[in-house]
Amino acid sequence: MCDNDHRRWNHLKKILERSSPFCHPDFEPGTGILEFLQNSCKLLVVGAGGLGCELLKDLAMMGFGDVHVIDMDTIDLSNLNRQFLFRRKDVNSSKAEVAAKFINERVPTCRVTPHHCKIQDKSEDFYRNFHFVVCGLDSVVARRWINGMLISLLSYDDNQQLDNSTVIPLIDGGTEGFKGNVRVIIPGITPCIDCTLDLFPPQVTYPLCTIASTPRLPEHCIEYVKLIQWPKENPFDSNIDTDDPVHISWIYEKSLERADEFGINGVNYRLVQGVIKNIIPAVASTNAVIAAACVTEAFKVATSCCPLLNNYAVFNNADGIYTYTYEAERKSDCITCSPRKAKYLDIDDTNMRLEKIIEILCEHQQYQMKNPALTIELDGKRKTLYMPNVPSIELKTRPNLKMTLEQLGIADGCKLLVADITNPRAFEIILKIKNNCVSME
Amino acid sequence: MIKLYSLKQHKKDGETPKSGNQRKASAAHLRITKDLNELTLPKTCTTEFPDPDDLLNFKLTICPDEGSYKGGKFNFSFKVGVNYPHEPPKVKCETTVYHPNIDLDGNVCLNILREDWKPVLTINSVIYGLQYLFLEPNPEDPLNKEAADVLQNNKRLFDMNVQKAMRGGVIGNTYFEKCLK
């Protein structure tokens with residue numbers, strides 16, 4: 001057993017326990033690193049689908065010991081050709097749970113903890129727990145959400161120096177057919193998802209009038225049924241369930257009728273599925289390549305043994321094999337990660353009225369605002385404090401002006417979201433209230 | 001290079017990070033607050049927010065003061081998604097209207113609401129676009145084909161139909177509810 005164990009990790013030890021010309025200059029080889037990888041390093045895999053299965057397998061085989069996986073989806077029959085942790089009997093079960101169980105049974109050195117829920121259901125404290133995150137997602141929205149979450153966990157000291165212990169690296173893999181990409185995001189240091197948002201291809205949309213009156217493509221007919229005919233006829237008294245074959249068949253028949261009417265060829269069941277589900281054809285080998293590259297980066301992030309991918313790699317095996325790595329750049333005015341200096345406003349105490357705050361914002365040397373709108377997040381819910389330019393909101397929020405910060409539930413450290421014509425975009429101001437609990441006497 | 005290994009060991013023994021750190025407002029919230037505070041509505045338009053704390057869902061009323069639809073009153077609902085401004089707001093017309101570019105279910109054919117949307121556009125641009133639809137209904141891009149055909153072939157009949165619809169009446173097989181101001 002011991003010998004076996006030794007043999008299993010032998011190759012990793014060669015990398016982690018000795019130096020080499022390819023090491024990162026700061027790398028200090030030692031036995032503690034493998035131990036860290038196996039026992040202390042805690043990472044999150046987002047998505048347990050095509051990429052997720054590959055990622056989990058690779059991570060487990062690579063020696064990672066504490067892996068969490070989050071996915072809201074359940075297993076569909078059509079997943080089984082490439083999502084190899086799932087079997088026929090698992091259809092309709094949670095992807096995260098089945099994948100975790102499979103790995104746990106197969107690779108005893110790896111403990112996978114499943115989370116069958118949306119990424120949005122988890123709190124900051126959940127995400128803060130991880131050393132790093134690996135994403136195998138199929139949605140730009142979800143990527144942006146994770147990216148925004150990890151960036152919001154960063155903390156800066158009073159000199160605006162990033163506290164390195166709050167940095168949670170993000171390794172993002174993505175595939176589409178024969179194409180894929182891998183990127184390494186060190187929040188606060190390297191470009192984030194939102195810095196390079198224009199790299200994502202825009203979603204295909206057709207003009208509504210074309211769909212409605214001058215369809216030319218089979219896709220137009222399908223979109224017509226989806227956007228116009230379904231809501232109108234509401235055949236099953238529900239929204240379209242893209243996994244329900246009865247729904248898809250209905251759409252298929254109606255699309256076919258419409259295509260016949262306009263003399264359009266090419267509507268078939270598969271196309272209907274593709275258009276309705278927004279299916280991106282999945283190629284197992286692409287997933288395997290991208291996941292392997294992601295896990296290599298994960299290994300480097302966890303051990304510091306080699307310089308990381310800097311910072312964006314594309315892969316294309318549609319016609320031969322092509323890869324290219326380049327350095328994406330940070331966007332200086334990125335709405336999510338630009339190193340904005342935190343803005344502060346000093347307030348004497350919570351007895352101050354909201355109107356006084358607005359007055360201060362208008363007179364303050366640094367801000368000199370004209371007509372600011374203010375909102376704030378309280379107990380996880382956004383609240384409009386005052387919005388002067390929208391009559392219906394102004395009327396309803398006017399009473400807030402006479403209320404004190406305490407009455408409004410605003411305490412030290414709260415972030416005011418402020419929009420004003422003097423600034424090209426809305427931003428947040430952190431309130432620093434000297435005397436926070438005046439009513440304690 | 002961030003040395004996770006040594007860093008996180010330190011983090012583990014060290015202090016727990018401040019969790020008092022409030023969440024950053026989402027990009028959609030930042031942007032919609034800005035958009036709304038800078039609305040410069042034409043005098044024919046008013047907005048209504050059923051819940052002033054929810055800036056992502058609201059109503060717009062357009063009362064055109066010239067053109068075929070003068071005297072009418074048309075309600076729209078706006079739903080701004082979390083992906084705003086990378087995706088356009090979802091806009092529906094809640095008044096049944098006899099209009100070549102608005103169908104009877106309230107779908108609106110306005111290029112900037114779909115294929116020509118760009119993140120630099122604002123709620124203001126959309127409102128102006130909608131207002132323009134009432135001033136210059138466009139029979140070339142029909143969503144309500146009958147109305148478009150009438151407009152193309154017989155402007156006078158079209159205007160009469162619009163008036164009839166706004167007063168509350170039947171055109172073709174459709175009953176239009178009264179929507180005069």
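In Å, what Rg and Dmax follow from the Cα atoms of the range B:40-167?
Calculated on Cα positions, Rg and Dmax stand at 14.7, 47 Å.
Just checking the output field for B:90-99: average partner chain Cβ neighbours within 10 Å of each residue's Cβ?
Other-chain Cβ atoms within 10 Å of each residue's Cβ, averaged: 0.
If the convex hull of the alpha-carbon atoms of the protein assembly as shown is projected onto planes in all directions, what is the mean projected area in square nanometres?
33.8
Quick check: the distance between the Cα centres of the range A:356-381 and the range B:50-81, to the nearest angstrom?
One Cα centre to the other: 28 Å.
With Cβ to Cβ distances under 13 Å as the rule, what net charge do the other residues near A:Arg270 carry (K, R +1; D, E -1)?
0
When the helices in the protein assembly as shown are scored as -39500 (n - 2.57) per DSSP H run of 4 or longer and the sum is shared across all residues, what 222 nm value do you end up with, to the nearest 500 deg cm²/dmol? Intermediate results must be reported in sequence, preceding the final value.
Working: 20 runs with 205 residues, N = 622.
Taking each H run of at least 4 residues, the total per residue is -10000 deg cm²/dmol.
Enumerate by residue number the trypsin sites (Lys or Arg not before Pro) in the range A:337-441 meeting two conditions: DSSP loop (anything except H, G, I, E, B), and at most 16 other Cβ atoms within 10 Å of the site's Cβ.
Numbers: sites: A:Arg340, A:Lys341, A:Lys343, A:Arg353, A:Lys356, A:Lys370, A:Lys381, A:Arg382, A:Lys383, A:Lys396, A:Lys402, A:Lys415, A:Arg425, A:Lys432, A:Lys434; in loops: A:Arg340, A:Lys341, A:Lys370, A:Lys402, A:Arg425.
Sparse-neighbourhood loop trypsin sites (Lys or Arg not before Pro): A:Arg340, A:Lys341, A:Lys370, A:Lys402, A:Arg425.
Would you pull out the residues with amide H under 5 Å of A:Thr74's amide H, same chain only if 5 or more places away, H placed 1.01 Å from N?
A:Lys95
Taking all protein chains in place and a 1.4 Å probe, what share, in percent, of the accessible surface of the range B:40-167 do carbon and sulfur account for? Don't skip to the end; give the middle numbers.
Values: 2930 of 5810 Å².
Its accessible area is 50 percent carbon and sulfur atoms.
Count charges around A:Glu297 for me, please; just the other residues with Cβ under 13 Å from its Cβ, Lys/Arg as +1, Asp/Glu as -1. Mind showing how you got there, number by number?
Numbers: positive: A:Arg183, A:Lys300; negative: A:Asp58, A:Asp172.
After counting each charged neighbour, the total is 0.
Counting only protein heavy atoms and rolling a 1.4 Å probe, how much accessible area do A and B lose on contact, total for both sides, in Å² to 100?
5700
Place a +1 charge on the Cβ of each Lys and Arg in chain B and a -1 charge on the Cβ of each Asp and Glu, then give the dipole magnitude about the Cα centre in debye, rounded to the nearest 20. Let's see the in-between values first.
On the way: 25 positive and 23 negative charges, 148 e Å.
Dipole about the Cα centre, nearest 20: 720 debye.
Mind checking which of A:Cys337, A:Pro372, A:Pro388 is farthest towards the positive end of the range A:310-396's charge dipole, using Cβ charges of +1 (Lys, Arg) and -1 (Asp, Glu) about the Cα centre?
A:Pro388
Ignoring ligands, DNA and RNA, what accessible area per residue does the protein assembly as shown give at 1.4 Å, in Å²?
48
Which distance in Å, rounded to a whole number, links the C-alpha centroids of the range A:209-284 and the range B:132-173?
29
For A:Tyr326 and A:Leu378 in the same chain, what is the full-extension length gain: residue separation times 0.36 nm, less their Cα-Cα distance, in nm?
Details: separation 52, 0.36 × 52 = 18.72 nm, distance 4.17 nm.
Separation in residues times 0.36 nm, less the Cα-Cα distance, equals 14.5 nm.
Ignoring solvent entirely, what values of log10 I(q)/I(0) come out of the Debye formula for the range A:176-239 at 0.18, 0.20, 0.22, 0.27 Å⁻¹ when each Cα is a single scatterer?
Taking Cα atoms of the range A:176-239 as identical point scatterers yields -0.79, -0.84, -0.91, -1.13.
Please average, across the residues of B:28-41, the number of beta carbons from any other chain that are within 10 Å of each residue's own beta carbon, and give a whole number.
Across B:28-41, the average partner-chain Cβ count within 10 Å equals 6.
With angles folded into 0 to 90 degrees, how steeply does helix B:4-13 sit against the dominant principal axis of chain B? Use alpha carbons for both and round to 10.
Between the helix axis and the principal axis of chain B, the angle is about 80 degrees.
If I ignore ligands, DNA and RNA and count only protein heavy atoms, how much of A:Arg143 is accessible to a 1.4 Å probe, in Å² to the nearest 10?
20
Could you tell me the center-to-center distance, by alpha carbons, between the range A:1-56 and the range A:90-129 in angstrom?
First find each Cα centre; the distance between them is then 21 Å.
Quantify how strongly other chains surround peptide A:379-390 by giving the mean number of their Cβ atoms within 10 Å of each of its Cβ atoms.
Neighbouring Cβ atoms belonging to other protein chains average 4 per residue here.
Tell me which cysteines of chain B come out unpaired when the rule is another cysteine's Cβ under 4.7 Å.
Within chain B, the cysteines lacking a partner Cβ under 4.7 Å are B:Cys45, B:Cys63, B:Cys93, B:Cys179.
Would you list, by chain and number, the lysines whose Cα falls below 29 Å from the Cα of A:Lys101, excluding same-chain residues fewer than 8 positions away?
Once the sequence-local lysines are set aside, what remains near A:Lys101 is A:Lys13, A:Lys42, A:Lys57, A:Lys89, A:Lys118, A:Lys122, A:Lys277, A:Lys300, B:Lys8, B:Lys12.
The values are calculated or read from the model by the stated rules, or taken from the named source; none is laboratory data. Just so it is clear, the structure is predicted and the values come from calculations on it, not from any experiment. FYI the Cβ positions are ideal-geometry reconstructions off the backbone, even for glycines, and counts take in every protein chain you see. Note: accessible area is taken over every heavy atom of the protein model, side chains too, but ligands, DNA and RNA are not part of it. Shrake-Rupley method; radii C 1.70, N 1.55, O 1.52, S 1.80 Å.
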